[in-house]
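Notes follow the structure.
The values are calculated or read from the model by the stated rules, or taken from the named source; none is laboratory data. The shown structure was predicted, so the numbers you read here are calculated from the model rather than taken from an experiment. Cβ placement follows ideal geometry from the backbone for every residue including glycine, while neighbour counts extend to all protein chains displayed.
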Amino acid sequence: MKKQFAVIGCGRFGSSIAKVLFDMGHEVLAIDKSEEIVQNIANYVTHAVQADATDENSIKALGIRNFDVAVVTIGSNIQSSILITLMVKEIGVKYVVAKAQNELHAKVLYKIGADRVVFPEREMGVRVAHNLVSSNIMDYIELAPDYSIVEIAALDEWIGKSLIDINMRSKYGINVMAIKHGADINIAPRASDVIMQGDVLVVIGHNDDLRKIEKR
């Protein structure tokens, strides 16, 4: 089912999510105050807009309240992050995911109505989401009620094969965002990259598709 996502703040984490959601066939509105960032992402999303997301009138004019999910990934400005999360919630966005800098920031975001809070900078060291009952699925971040970002241990049948050989999107309905090998992480995997023993893949997909892998 096609959904509408608004990604507010398109740094590395925000732009990665925006691009993958768009690749999956969803409608994605990317919002950032930087003209350069907006120009860079414009060809990879449905709409890209330069706007100050802390301005309530600007946010309302973009029709944010009609979106299914808002992902607030503002960087270091905690005050702006809190203000924008509060605004999009009050405007009427059904599901709001917000990025936090620390535990106190996270508590405030939950208090003002964020449905999900994530710590992307610490994701590799501190588990920020549920642990699934599977030896393959390691951790996940719920991006929306039916979409998640998941860490999955490489299946035996993937070892020694490239991403293009495995064809994740066609075969499993999921998209690979990153590949971790020990302490190294490849945040821009290419189709030719080969999966090695011990690799962990960070993927995004519909929960129904992710559950199919979980059962393998």
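Kindly establish whether D115 is closer than 18 Å to I204 by Cα, modelled with pLDDT under 95 and among the charged types (D, E, K, R).
No; evaluated as a whole, the condition is false for this residue.
Say we look at segment 167-188 and pick out the residues that are touching a residue at least 12 places away in the same chain (Cβ under 8 Å) and at positive phi; which of these is surrounded by the most Cβ atoms within 10 Å (Cβ to Cβ)?
G173
For V176, indicate whether it is within 19 Å of G25 (Cα to Cα) and modelled with pLDDT of 80 or more.
Yes.
Read through the list (1) over 15 Å from the mean Cα position of the chain (by Cα); (2) modelled with pLDDT of 90 or more, then give the number of the only condition that K99 fails.
(1)
Hey, any hits in segment 93-102 for a residue that's of a type in the set (G, A, S), free of Cβ contacts under 8 Å to residues at least 24 places away in the same chain and within 14 Å of I8 (Cβ to Cβ)?
Looking through segment 93-102, none of the residues is of a type in the set (G, A, S), free of Cβ contacts under 8 Å to residues at least 24 places away in the same chain and within 14 Å of I8 (Cβ to Cβ).
Given the criterion under 18 Å from the mean Cα position of the chain (by Cα) and crowded, with 16+ Cβ neighbours inside 10 Å, identify the matching residue among L62, L86, L29.
Exactly one of L62, L86, L29 is under 18 Å from the mean Cα position of the chain (by Cα) and crowded, with 16+ Cβ neighbours inside 10 Å, namely L29.
Which fully enclosed helices (runs of 4 or more DSSP H) of segment 1-89 have 3 or more residues being over 21 Å from N102 (Cβ atoms) and in contact with a strand residue (DSSP E or B) (Cβ under 8 Å, 6 or more places away or on another chain)?
Of the helices (runs of 4 or more DSSP H) lying wholly inside segment 1-89, those with at least 3 residues that are over 21 Å from N102 (Cβ atoms) and in contact with a strand residue (DSSP E or B) (Cβ under 8 Å, 6 or more places away or on another chain) span 12-23, 35-41.
Yes/no matrix, rows are residues, columns are (1) among the hydrophobic types (A, V, I, L, M, F, W, C); (2) within 25 Å of I185 (Cβ to Cβ); (3) modelled with pLDDT under 95:
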residue: A53; (1), (2), (3): yes, no, yes
residue: N66; (1), (2), (3): no, no, yes
residue: I74; (1), (2), (3): yes, yes, yes
residue: E121; (1), (2), (3): no, yes, yes
residue: A129; (1), (2), (3): yes, yes, yes
